[in-house]
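Chemist: This structure is in structure tokens; I'll ask about it shortly.
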Amino acid sequence: MNAIVALCHFCELHGPRTLFCTEVLHSPLPQGTSSGDISGQNEQAEEEEGGIQMSSRIRSHSPAEGASADSSSPGPKKSDMCEGCRSLAGGHPGYVSHDKETSIKYVSHQHPNHPQLFSIVRQACVRSLSCEVCPGREGPIFFGDEQHGFVFSHTFFIKDSLARGFQRWYSIITIMMDRIYLINSWPFLLGKIRGIIDELQGKALKVFEAEQFGCPQRAQRMNTAFTPFLHQRNGNAARSLTSLTNDENLWACLHTSFAWLLKACGSRLTEKLLEGAPTEDTLVQMEKLADLKEESEGWDGSEEEEKPSSQPDVVEGQELSKSSPETSLMPDCNSWNVAHRRLSVFRSLRHMRQVLGASAFRMLAWHVLMGNQVIWKARDMDLVQSAFDVLRTMLPIGCVRIIPYSDQYEEAYRCNFLGLSPHVQIPPHILSSEFAVLVEVRAATRSSLYPTLFDDEQSLNKYEFVVTSGSPIAADRVGPTILNKIEAALTNQNLSVDVVDQCLVCLKEEWMNKVKVLFKFTKVDSRPKEDTQKLLSILGAAEEDNVKLLKFWMTGLSKTYKSHLMSTVRSPTSSESRN
């Protein structure tokens, strides 16, 4: 993560000061650090912390050293610093952590060596300890701009028996140029920085209580109440943070914490390259996940019991299934299913076409694409689930409603993929309907009824697949265009299964674009029927099956796309442009 984490202090003598900062370096070390500074002979006390190699480093000059610093180096002069303003002593090597995985260095020192970075950190330090504070002067706040970066600041107090009000004011700031990334990291940064602050305050409180027990300062100040405050100050009034916490390894611990914070915060969020606008499947997927999350938060105990019976629909293939009572009464059958879970499944559309046969598969695929109800009756639930997983790839996600296994028939409006146990009775009007197709999985009379297509396909030879419908598809029927293209891809043996899958994605996107055009043309613009026929001819979808397919796929459009179109139509600018 390209950011800087810094610890700041409000000094009673010099105002806001930067005590300690850690920055990320992707190439060389900062200005003033030669390549020999990280050589083997200068590295000391190497440790391993979560994949980060820690070592000290010797700098050729340091702003904290004052007079020995180069005139061009940023930072306050030695005369402008006191014990409370200084973290690393003069000549201190500083700290460098090497991330072996990413070849990134995390460098800690009192001030950034780069003048521009020093100015940015200095300004953020002043604002965090002066004007940009939350109520109570202790807590997190966000501020910044495009020019000087954006800052997450958390102010806090450290107990000090010698300070005015018995406490000193500090802040930990995180500076980034990416506003969105920093805002998204707010919960993570708040929790981790709060942990660092609690540890510092805990150490300082122990020192404070010990000092108060030995020499109470409140009574002593009451006795000298009329003495001018400045005359009360002694050499110990400005105390370093190491003295307040009684921790000589404080800066090494802070470097470790800040380096881990930068590494962890940069790893928790990843970027994905999106080529073009999100697909309809992606939008529907996001909407269903959001709806599921909202419903789960609102369910109480009673609602959880009622939900499975009232909402059998699917969210991205994760169905609310109904277990058959027969399965619980047949342990031998269940154990057989588990043993053959990996074998009795369909692996792809091509595999299913080879098992069912060309004519049966074409009939089944036609009903799937048209939105008719597809019913599978089988004893093996894994076989039914694998069949639905393969068949659903031909449809947009928004058009898929699955009940994988049920002990009773469910109406078509509740699901277009329905799995049933063999004993379930299907209503006669469904069996004779042209809007449903039934696939019965029976025990084969001969083990060699279907030839073995693959070496591990012995279990499928035990089944006989019978596909029936009230409206059988004639062999010479043209069918929807997309079905013909799918069959052409499946029969082309030069195309691998992965290539066929990508072809299917492209075909679905092509026809979803036609669905969008038709939806806007008919539902939004309300064009006459004659214009709609002309549009269908232009789209190459004037045939009856293609029109039915487009109308069914229109139900799979995302709410985001529909609401966007409707809001565009209602806006004054769009109406003026059409006029």
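Chemist: Could you provide, to the nearest whole Å², the per residue accessible area of region 499-570 with probe 1.4 Å?
Modeler: Value for region 499-570: 56 Å² per residue.
Chemist: Volume per residue, Å³, of the convex hull around the alpha-carbon atoms of region 463-550?
Modeler: 152 Å³
Chemist: Between H423 and K485, with labels modelled 7 Å along Cα→Cβ, what's the label distance in nm to one decimal, could you check?
Modeler: 4.6 nm
Chemist: For the pairs K529/K562; K288/K485; K192/K293; K523/K559; K293/K559; K534/K559, note any where the Cα-Cα span goes beyond 19 Å.
Modeler: Cα-Cα > 19 Å for K529/K562; K288/K485; K192/K293; K534/K559; rest within.
Chemist: Something else about it: Please list the three semi-axes, largest first and in whole Å, of the ellipsoid equivalent to region 104-210, using sqrt of 5 times the eigenvalues of its alpha carbon gyration tensor.
Modeler: 26, 16, 15
Chemist: Let me ask something else about it. From the backbone phi of region 526-540, what are the Karplus-calculated ³J(HN,Hα) couplings (6.51 cos²θ - 1.76 cosθ + 1.60, θ = phi - 60°) in whole Hz, Gly and Pro given as x?
Modeler: With the stated coefficients, region 526-540 comes to 6, 7, x, 5, 5, 5, 5, 5, 5, 4, 4, 5, 5, 6, x Hz.
Chemist: With +1 assigned to the C-beta of every Lys and Arg and -1 to the C-beta of every Asp and Glu, and no other charges, what is the dipole magnitude of region 499-570 about the Cα centre in debye, to the nearest 20?
Modeler: Using Cβ point charges on Lys, Arg, Asp and Glu, region 499-570 gives about 460 debye.
Chemist: Another question, if that's okay. Ranked from highest to lowest mean number of other Cβ atoms within 10 Å per residue, what is the order of the peptides 18-26, 347-355, 143-151?
Modeler: Order by mean packing, descending: 18-26, 347-355, 143-151.
Chemist: So what J values fall out for region 148-161 if you push phi through Karplus, 6.51 cos²θ - 1.76 cosθ + 1.60 with θ = phi - 60°, rounded to Hz, Gly and Pro as x?
Modeler: Karplus values, whole Hz, x for Gly and Pro: 9, x, 10, 10, 9, 10, 10, 8, 7, 10, 10, 5, 8, 5.
Chemist: Any chance you could run the full-extension gain for F143 through D198? It's 0.36 nm times the residue separation minus the Cα-Cα distance, nm to one decimal.
Modeler: 17.5 nm is the gain from fully extending F143 to D198.
Chemist: Spin-label point model (7 Å from Cα, Cβ direction): what's the D501 to E83 distance in nm?
Modeler: My value for the distance between the label points is 6.7 nm.
Chemist: By how many nm would the segment from E464 to A542 lengthen if fully extended, with 0.36 nm per residue of separation less the alpha-carbon distance?
Modeler: 24.3 nm
Chemist: Per-residue accessible area for W186 at 1.4 Å probe radius, Å² rounded to 10?
Modeler: W186 has an accessible surface of roughly 80 Å² with all protein chains in place.
Chemist: Right, next: Between V517 and N249, with labels modelled 7 Å along Cα→Cβ, what's the label distance in nm to one decimal, could you check?
Modeler: 7.0 nm
Chemist: Grab the Cα-Cα distance for A290 and R414, subtract it from 0.36 nm times how many residues apart they are, and report the gain in nm with one decimal.
Modeler: Going from the current span to full extension adds 42.6 nm.
Chemist: Of the accessible area of region 499-570, with the probe set at 1.4 angstrom, what percent is carbon plus sulfur?
Modeler: Of the solvent-accessible surface of region 499-570, carbon and sulfur hold 58 percent.
Chemist: Classify region 499-570 as rounded, prolate or oblate from the Cα gyration tensor: take a ≥ b ≥ c as the square roots of its eigenvalues, call it rounded if a/c is under 1.5, otherwise prolate when a/b beats b/c and oblate if not.
Modeler: Cα axes put region 499-570 in the oblate bin.
The values are calculated or read from the model by the stated rules, or taken from the named source; none is laboratory data. Every value quoted in this text rests on a predicted model; they were computed, and no experiment measured them. FYI the Cβ positions are ideal-geometry reconstructions off the backbone, even for glycines, and counts take in every protein chain you see. Just so you know, the surface numbers come from the protein's heavy atoms only, side chains and all, with ligands and any DNA or RNA stripped out. Shrake-Rupley method; radii C 1.70, N 1.55, O 1.52, S 1.80 Å.
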